[in-house]
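See below for the structure under consideration.
All of the numbers you see were taken from the coordinates with simple rules; none came from a lab. The model shown is predicted, which means the values in this text are computed figures rather than measured ones. Note that we place each Cβ from the backbone using ideal geometry, even for glycine, and neighbour counts take in every protein chain shown.
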């Protein structure tokens, strides 16, 4: 496979070495110096070339720089957001913030939590650093054996978890997830949960594909899979529109179709990479141990996040306005627009690059990359948050206030959005800083910080639910998210600064620079 590389400027024709006897000696022709290669700002890491996006042979196998990958994922998320907006327009028009919408959104929480705990961002963040370093050490064949092993173990674990939750779904929904909803809505939530659980299995297995492609800097198909996700949901909604008796089951089965679309589009990429599947079952495999060292803390950290999500849903079910759960979901759709561009897209492009820098012990370059990317993303999040404040309400009214989505739904959604806007800088910083720790194969620090902020989250939630009442009661939950996220980001930034400061001192390039400075001062 040929990687995409910078093409140097055209050089002068080669000059032949000529030697002739002259005055008893040899005279050599002078060889002209080669022209210098044009340096891109930021070097290869931040290289950007429009030629990288030209369609052609092996386009899906082309490697992208971090800047190009970030743009690729941003375009994919932009397409996903456009399709997501169409999907939400249809959903709100048909179901608004009524009982069926509430049951659907609440039901999605449990399968989504299982996916995130076992095979979501936690697994991806653990697999990419290990796959990158393992391929450099052990070679391609052993890496494919490790990929097969992870796939097999994941299939067994996900299947067992789903079967277990299928059995105990009524107890989980009625006692933990939405105990404050009426019995009919809880029963519908249980039924939808049982259907959606298969969505976790489909996406879980697809996570391995995404991690393999991203670890090889093959970002095109993972990016397209993001954009294709909403096609299944839109199809389910259109089917429910054509057959009204389907009701909320239309988008529910559409969710399963979305998972199939997202996974299926990545299969050709694996085939072109020469995937070699084998039935391997070796729980003592050294590569698996490396993954588990990262995955264990990652899962616990995601579990902490899942606890806060479930707590938010539980508290929302007791709010006076029962449409609060659906309204918060709509608010998160708008909040997610800057979040995916400044955090998720950038994080997916950043992690493989800084992982490679950390593996090669280039800590100076790694520090520079982190400062540029994380600092820039956080600065951009401030005007993005202001944009949500100013444009949020007219955008909600223009896009959503149709059919079953009423003026009251608009007001409630905008109230929640103002609280989430305050959380944007802290959330973006936390996601990117966490990826930086994963690149250092340090998953324990983000875990401990997450655990340490749980009491802050619970305390803030209990306090704000009592203080913020009336029509603004829904603000208690997003404001809790904002305060906790800001504290978590500040702690992670301080700890990462301290860690990188120590690592830079052992960077060989930094040591050579220090020796040169010493020799200059004391010749």
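What list do you get for 112, 321 if you sort them by fewest beta carbons within 10 Å?
321, 112
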*residue 163 versus residue 184, label points 7 Å from Cα toward the beta carbon: distance in nm?*
3.6
*Within the P(r) computed for region 281-400, what percentage of the Cα pairs occupies the region above 19 Å?*
69
*For region 148-168 and region 352-412, what is the separation of their Cα centres, given in Å?*
33
*How many percent of Cα pairs in region 352-452 exceed 19 Å?*
58
*Between residue 260 and residue 93, how many nm apart are label points set 7 Å from Cα along the C-beta direction?*
2.5
_So if I restrict to the alpha-carbon atoms in region 263-349, what is the Rg, and what is Dmax, the biggest pairwise distance, in Å?_
19.7, 56
*Taking 7 Å along the Cα-to-C-beta vector as the label spot, tell me the residue 321-residue 504 distance in nanometres, rounded to one decimal.*
4.8
*asked:* Please compute, for the alpha-carbon atoms of region 413-459, the extent along each of the three principal axes and give them in descending order in Å.
replied: 40, 23, 12
*asked:* As a footprinting exposure proxy, order 363, 318 by other Cβ within 10 Å, with the fewest listed first.
replied: 318, 363
*If the chain between residue 238 and residue 78 were fully stretched, how many nm would it gain, using 0.36 nm times the residue separation less the Cα-Cα distance?*
55.4 nm
*Can you give the alpha-carbon Rg of region 319-510 over 2.2 N^0.38 Å, where N counts its residues?*
1.18
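Over its Cα atoms, what ratio of radius of gyration to 2.2 N^0.38 Å does region 154-305 give? Before the final figure, lay out the partial values.
Working: Rg = 18.4 Å, N = 152, 2.2 N^0.38 = 14.8 Å.
For region 154-305, the normalised Cα radius of gyration comes out at 1.24.
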*Determine, from the Cβ-Cβ distance of residue 404 and residue 472 and an R0 of 22 Å, the FRET efficiency 1/(1 + (r/R0)^6), rounded to the nearest 0.05.*
0.40
_Ordering of 326-336, 350-360 by burial proxy (mean other Cβ atoms within 10 Å per residue, highest first)_ = 326-336, 350-360
